Each structure stands twice: as C-alpha cells, then as structure tokens.
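Chemist: Take this structure, written in structure tokens, and hold onto it; I'll ask about it next.
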C-alpha cells in the first residue's frame with residue numbers, strides 16, 4: 001500500500017545568513033505516513049520539527065530527495081492544490097486579525113475555489129460543522145481579536161477542518177489551552193481521525209501527550225531521525241536522555257499500556273548535604 005505521505009532521502013540546509021552561528025541541516029530523512037494514522041513528531045528545540053512542517057507544506061523545498069503525497073511529488077502540485085489535501089494548525093496565531101470567527105473559518109474553503117470571491121451554501125455548511133466540532137459556533141459573529149488565546153486556537157483548528165484535509169498538521173495544538181480544552185482537543189483529534197479517516201501529524205514538546213495520542217512517534221535529533229516506532233519503542237529512557245540531555249524516568253506500567261515520561265529532577269544540594 002502506498003503511504004499517504006512519503007519522504008525519500010530528504011535533505012535541507014538553511015543558508016548561513018538565516019541562522020548565523022546556528023547552522024542546521026535536515027539530513028537523509030526517509031519515512032512514510034500511512035493513511036489514517038496519527039504520527040507524533042517529538043524532539044528538542046532545533047531538532048527539525050518546524051522544518052519538517054515547512055517542507056510538507058511547500059514553504060521550503062528539499063535540497064535533495066523527494067516528498068510525495070499519495071504517490072505524487074509535491075513539486076507537481078501548486079500550493080492551492082496542496083492546500084486541498086493538507087491543512088496546518090500553527091503554533092502562533094497572528095494577533096489583531098480584523099475578521100469575525102465565521103470569516104476566518106470560511107477562509108479554509110478558499111483552496112477549493114481560489115478564483116471565487118463568494119462562498120457557496122456548501123461552504124457555509126462545512127464551516128458551520130467545523131465550528132460546531134471545535135466548540136466555537138456560538139462565537140461565529142465575534143471578532144477574533146476579542147477572543148482568548150485558547151479560543152483563537154480553536155478557531156484556527158476550525159479553519160483547518162473546513163479545508164476538509166486528508167492530512168492535518170498540528171504544531172503544538174494545546175500550547176495555549178487550559179486543561180479542559182486540552183482534553184477536548186485530544187478528543188477532537190481522535191474523533192476526526194477515527195470518524196473521518198483524516199491522517200494527523202502532531203508536533204509536540206509534550207512527550208506524554210504525543211505518546212498518548214499517536215499510533216507512532218518520530219523522534220528527531222539534530223536534523224536526523226533518531227527513532228521511529230510505537231510509543232513504547234521511542235519513549236525509552238536511555239534514548240531520551242541521550243537526545244534531550246537530561247535524566248528521565250519512563251513508567252511503562254501506565255494505564256492503557258502507554259508509557260509516561262517524567263524528568264528525574266536533581267535534588268537540591270542543601271537537601272543532600274550530610275546524607
């Protein structure tokens with residue numbers, strides 16, 4: 001079976017002028033993302049997570065190798081064509097958007113008819129369903145700039161769902177959400193994945209969130225694939241300590257068989273003196 005997304009020997013390097021003193025290169029990245037799976041992408045800062053998102057959405061082009069969507073190289077797709085299949089929920093939301101919630105969510109329909117200036121009844125129905133799924137339907141007429149950070153995040157999620165994507169890419173989707181909405185976000189991702197068959201690429205610094213939600217984890221380190229596999233295979237103490245540079249404890253006896261990671265905090269010197 002052809003994966004929905006394939007990366008074959010992908011290399012990328014930022015020009016020195018863009019990252020002075022911090023050279024970065026993505027090297028020899030090869031993997032497939034199966035249709036219908038949730039793939040979690042983890043790794044420390046500057047590991048290549050954001051670069052991977054930019055490559056998958058044609059913001060950046062590989063220096064070598066090829067990225068394919070359902071067997072078609074991304075180089076053969078315009079950005080409008082790609083946006084009909086791939087939607088992104090970014091980590092940071094631009095402040096001061098001069099639009100209502102409904103208007104922002106309807107923007108998700110634009111890739112399906114980029115030369116059209118007015119939405120159709122179908123567009124309105126799809127946008128309404130996306131707002132209902134994300135719990136922002138009652139805010140439809142509210143200016144986006146009047147909302148809290150968590151509410152704005154859910155509006156951007158609704159806009160992405162309105163694109164009716166085959167691949168949903170999320171960059172730290174729970175970063176601005178309180179505990180209640182984090183739980184709702186995870187439930188929404190599972191529902192969209194299971195009921196609609198949407199493939200999900202979840203980028204997260206929260207190892208436990210990624211390990212709980214994802215079918216597989218991709219661990220990146222310094223632009224290279226450190227490990228790819230089930231959460232139990234990737235969330236392994238020695239590997240995480242090597243990649244993150246700090247001591248961790250991994251509990252493999254957690255509920256549902258999913259590993260739980262916690263930092264092994266050093267004890268204050270004052271408490272250990274004389275012991």
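Values quoted throughout were computed directly from the atomic coordinates according to the rules given, and no laboratory measurement underlies them. Remember, it's a predicted structure, so these values are computed and weren't measured experimentally. As a convention, Cβ positions derive from the backbone with ideal geometry for all residues, glycine included, and neighbour counts pool all protein chains shown.
Chemist: One quarter of the convex hull surface, Cα atoms only: what value does that give for the range 118-254 in nm²?
Modeler: For the Cα atoms of the range 118-254, the hull's average projected area reads 10.5 nm².
Chemist: To continue, here is another question. Please give the length that would be gained between residue 178 and residue 54 if that part of the chain were fully extended, namely 0.36 nm times their separation in residues minus their C-alpha to C-alpha distance (nm, one decimal). Please list the in-between numbers first.
Modeler: Details: separation 124, 0.36 × 124 = 44.64 nm, distance 2.72 nm.
Full-extension gain reported as 41.9 nm.
Chemist: Go ahead and set up a Gaussian network model of the chain, Cα springs under 10 Å, then flag whichever of 44, 73, 114 fluctuates most.
Modeler: Evaluated over the chain, the most mobile residue of the options is 114.
Chemist: From Cα coordinates alone, what are the radius of gyration and Dmax values for the range 14-172 in angstrom?
Modeler: Computed over the Cα atoms of the range 14-172, radius of gyration and Dmax are 17.2, 52 Å.
Chemist: Okay, moving on. Given the Cα atoms of the chain, and with Rh set as the inverse mean 1/r over their pairs in the Kirkwood sense, what is Rg to Rh to two decimals? The partial results should precede the final answer.
Modeler: On the way: Rg = 20.0 Å, Rh = 20.1 Å.
Radius of gyration over Kirkwood radius for the chain works out to 1.00.
Chemist: Sticking with this structure for a sec: Between the helical axis of 121-134 and the dominant principal axis of the chain, each derived from Cα atoms, what acute angle in degrees is found, rounded to the nearest 10?
Modeler: 30
Chemist: I've got another one for you. Quote the FRET efficiency, to the nearest 0.05, computed for residue 246 versus residue 224 with a Förster distance R0 of 22 Å and r equal to the Cβ-Cβ distance. The partial results should precede the final answer.
Modeler: On the way: r = 20 Å, r/R0 = 0.89.
Result of the calculation: an efficiency of 0.65.
Chemist: Right, here's the next one. Starting from the 7 Å offset along Cα-to-Cβ, what nm value, one decimal, do you get for the label separation of residue 81 and residue 45?
Modeler: So the label points at residue 81 and residue 45 sit 3.9 nm apart.
Chemist: Return the FRET efficiency for the residue pair residue 107, residue 267: r is the Cβ-Cβ distance, R0 is 41 Å, and the value is rounded to the nearest 0.05.
Modeler: In this case the efficiency is close to 0.20.
Chemist: What angle, in degrees between 0 and 90 and rounded to the nearest 10, separates the Cα long axis of helix 179-196 from the longest principal axis of the Cα atoms of the chain?
Modeler: 60
Chemist: I would also like to ask the following. Estimate the FRET efficiency between residue 116 and residue 35 by the formula 1/(1 + (r/R0)^6), using the beta-carbon distance for r and 30 Å for R0, to the nearest 0.05.
Modeler: Efficiency for this residue pair is about 0.55.
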